[in-house]
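Below is one structure, written out as structure tokens; the observations come after it.
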Amino acid sequence: MSGIRVSNLRGETAGSSPIFPDGVVVTGVTTSTSFSGNLTGNVTGNVTGNISGTTGSFSGNVSVGGTLSQEDVTNIDSVGVVTARGGIRIGVGQSVSSVSGIITYYGDGSQLTGLESGVHNFVASGNIDNGKTVVINTDGTVGIVTITTDTTPSAGTPVVFESAAVFWTAVAYIGNSKVVVAYSDGGNSYRGTAVVGTVSGTSISFGTPVTFDSNAINTTSAIYDSTNDKVVIAYSNGSDSNKGTCVVGTVSGTSISFGTPVVFDNSNLSFVSATYDSTNSKAVIAYRDTPDGYKGKAIVGTVSGTSISFGSVAVYESANQTTDVAATYDSTNQKVVIAYANNSKGKAVVGTVSGTSISFGTAVEFQDDTTTQSSATYDSTNGKIVIAYRHNDSSNHGTAIIGTVSGTSISFGTAVVFNAAATDQISATYDSNIGKVVIAYGDEGNSTYKAGTAIVGTVSGTSISFGSEVVFENANTDYIRTAFDSANNQIVIVYDDNGNSSYGTAVVFSAVVQTINLTATNYIGIAAEAISDGATGKITVVGGVNTGQTGLTTARTHYVQNDGSLSTSAGSPSVVAGTAISASELLVWKS
């Protein structure tokens, strides 16, 4: 092998380069101001000029210390991770999206802006307006919260609460879908007994009966003291000269316990009827004092713990022969109204509670001939007193009349017949859900028995009209009493069923049948935009903020109502919609 040492190699002519047909092998350093053609092998060191070519392939790493710029690159396809230390900028109108699968972001997201969180797309079943509460259906679609009403009254299946004959029944609604039924237990020496009932849908179940007075009792009335969360039962003690007696009960779950009975009048009483003055938090008991010329009297009671104390007795009717006493409370005018019969004529009087006493205006006659079986209730929608009674001089027809309280007096419209047959055991109550009165009674004109019947009345001005009768018990019924369950919007009717050994029985009566699509679990959120039936649209779900609201109370939890509206009070069922962060914004969350 030989070598050659020269300082320059030049081509044959000036300006030309020498040609090496078989190639050149350089074991040292090659320095060139430019390079043309293919390059194979390793290149090390710094490249200070430009490298241009049609393709390039690198099996190892490529490091660029400065800026790598290329404006005409259409796509960068990386099978691994692309790391950008200084940020990635995307042109206007362009986006980041996945070819398939999910894009996952790692980090706390604190610097992300313009993102729409807490929103999900759903297909609408029916038209949905922006800002409406929605539920998810079983097929995955969503629809607005709705309530539909069937105005045909109906009764559920009767349920026995006492497997013995009962007398002098009374019932009071105490909230939380519960009622307390008080009665004289014919299967236990007619002792004073009470039981707690729980309404569920169109049915009712009962706990274990509890004795509140070991003596025989009669003429029973029950009310709920909402201030003290107590049941007050007033009655006459049949084993102790029919003295006026009262006892306070406390409900726990499906049971009830009682304090010691308190005598409020040592005389022989009958026709006891109690009402609750919610303004003054007082129990008012009206009754007839038999030894004292059958006068009508009343007394005010104050509950404290498990006991009750009384003020002085007041007379509301000094004439003889007071019967069929029925008391109710006009919450608008804050007055007690007592309906009764005196010398067989129907009368009513307005009472005003002050402290532990009550005073009365002048009694007003609403029926100038024989009336019995009086029952009274207050229609808070129309601000009227409704008195239902048996008109004895009109073939004992079931009759109702509307009273209007003004100051310490009351005036009446024209009486209306609701049952053109002999009517007995009348009890009226007010359904605040639909703003109507429900009257339950025994219809002696129904075949050969006194069937348990109910009817719905609508007050208009100083008159009342009625729908069709509904039979809730196809047998003789006595001691009918009613109460309205505002949680379930149902009427509870208690009675003794003569067709079943006079057993104590209860039935749930629906003045209207309502179908609600809201449950405790299917609320999904609030529409973030208007969505047409069958279209896909945005729903603000848990964690999102809905801005389509008005009139919210800031910093308060709001609940979904059965009609889809929002309120700071829980509905039935209780469904949390979220918390208002302004009058128009609701942070959606669920309990």
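If the condition is being touching a Leu at 6+ places or on another chain (Cβ under 9 Å) and of a type in the set (A, V, I, L, M), then the range 533-547 contributes only VAL545. Determine the pairs where a residue that is farther than 16 Å from ALA182 by Cβ, located within the range 501-512, has a partner that is of a type in the set (Phe, Trp, Tyr) and in a strand (DSSP E or B) with Cβ atoms under 7 Å apart, the partner being 6 or more residues away or on another chain. Correct list of pairs: VAL507/PHE472; PHE509/PHE472. A single entry from VAL350, VAL364 fulfils the requirement of being of a type in the set (Val, Ile, Thr), within 37 Å of the chain's Cα centre (by Cα) and farther than 27 Å from GLY442 by Cβ: VAL350.
Out of VAL337, VAL353, VAL364, report the one residue that is more than 17 Å from SER411 (Cα to Cα) and among the hydrophobic types (A, V, I, L, M, F, W, C).
Answer to the selection: VAL353.
Residue by residue through the range 436-466, note down the ones that are in a loop (DSSP other than H, G, I, E, B) and modelled with pLDDT of 95 or more. Step through it out loud before you land on a result.
Within the range 436-466, the subset in a loop (DSSP other than H, G, I, E, B) is 444-450, 461-462.
Listed by number, the residues that qualify are GLY461, THR462.
Of the strands (runs of 3 or more DSSP E) lying entirely inside the range 136-220, the ones with 2 or more residues being hydrophobic (A, V, I, L, M, F, W, C) and surrounded by fewer than 18 Cβ atoms within 10 Å (Cβ to Cβ) are found at 159-175. Of the residues making up the range 538-552, those that are surrounded by 19 or more Cβ atoms within 10 Å (Cβ to Cβ) and small (Gly, Ala, Ser) number 1.
Is it the case that some residue within the range 223-246 is among the hydrophobic types (A, V, I, L, M, F, W, C) and at positive phi? No, the conditions are met nowhere in the range 223-246.
Tell me, please, whether a residue that is of a type in the set (A, V, I, L, M), more than 34 Å from the chain's Cα centre (by Cα), within 23 Å of SER344 (Cα to Cα) and surrounded by 15 or more Cβ atoms within 10 Å (Cβ to Cβ) can be found in the range 379-396.
To start, the set of residues in the range 379-396 that are of a type in the set (A, V, I, L, M) comprises 385-388.
Then drop every residue that is not more than 34 Å from the chain's Cα centre (by Cα), which leaves none.
Looking through the range 379-396, none of the residues is of a type in the set (A, V, I, L, M), more than 34 Å from the chain's Cα centre (by Cα), within 23 Å of SER344 (Cα to Cα) and surrounded by 15 or more Cβ atoms within 10 Å (Cβ to Cβ).
Of all the numbered requirements in (1) farther than 30 Å from ALA511 by Cβ; (2) of a type outside the set (Phe, Trp, Tyr); (3) buried (at least 17 other Cβ atoms within 10 Å of the Cβ); (4) assigned by TED's automatic domain parsing to the domain that holds ILE531, VAL123 misses one, and that requirement is (3).
The values are calculated or read from the model by the stated rules, or taken from the named source; none is laboratory data. Not measured: the values here are computed from a predicted model. In this analysis, Cβ positions are derived from the backbone assuming ideal geometry, glycine residues included, and neighbour counts consider all displayed protein chains.
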